[in-house]
Amino acid sequence: MGKEAVLQTKCMKYLKQHQIYAVNVYGSGRAAKGTPDILICLNGQFVAFELKVGNNQMQPDQVIHKKRIERSGGKQFTPRSFSEFTEIIRKLGG
């Protein structure tokens, strides 16, 4: 299992433990190319996460999704660690 997959598993477990609605689209094969790894609804707010580890950068199709989400009033974040992910959730009121 790659480092991003490990991070994703930890994040999904955290969301489930905190009863936060989440959809894990990583590797689904049905999602549009560039769809963020995790989609959640937190306090009525649409929030997306594109998880990255190390020096990995977002791909052009991922950047397009980020712009579309933000243009639609949602939020997207690119945490690089579990602690960064949980801090974002806390700041959003989760």
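Please treat every number below as a calculation from the coordinates, not as lab data. Note that the structure is predicted; figures quoted are calculated from it, not measured. Counting neighbours? That spans all protein chains shown, and the Cβs are built from the backbone with ideal geometry, glycine included.
Can you report the number of residues in the stretch 62-76 which are farther than 15 Å from L92 by Cα and either in contact with a Leu (Cβ under 8 Å, 6 or more places away or on another chain) or hydroxyl-bearing (S, T, Y) (or both)?
The qualifying residues number 1.
Looking at the stretch 44-94 only, could you name the residues that are of a type in the set (D, E) and touching a Gly at 6+ places or on another chain (Cβ under 6 Å)? Before the answer, list the steps.
We begin by selecting, within the stretch 44-94, every residue of a type in the set (D, E); these are 50, 61, 70, 84, 87.
If the condition is that a residue be of a type in the set (D, E) and touching a Gly at 6+ places or on another chain (Cβ under 6 Å), then D61 is the only one that fits.
Sort out which residues of the stretch 62-81 are surrounded by fewer than 17 Cβ atoms within 10 Å (Cβ to Cβ) and closer than 16 Å to E4 by Cβ, and write them in order of number. Before the answer, list the steps.
Let us first name the residues in the stretch 62-81 that are surrounded by fewer than 17 Cβ atoms within 10 Å (Cβ to Cβ), namely 63-64, 67-68, 70-75, 80-81.
Across the stretch 62-81, the qualifying residues are R80, S81.
Do the conditions hold for V53, that is, is it under 22 Å from K91 (Cβ atoms) and touching an Asp or Glu at 6+ places or on another chain (Cβ under 6 Å)?
Values: under 22 Å from K91 (Cβ atoms): yes; touching an Asp or Glu at 6+ places or on another chain (Cβ under 6 Å): yes.
Spelling it out, V53 is indeed under 22 Å from K91 (Cβ atoms) and touching an Asp or Glu at 6+ places or on another chain (Cβ under 6 Å).
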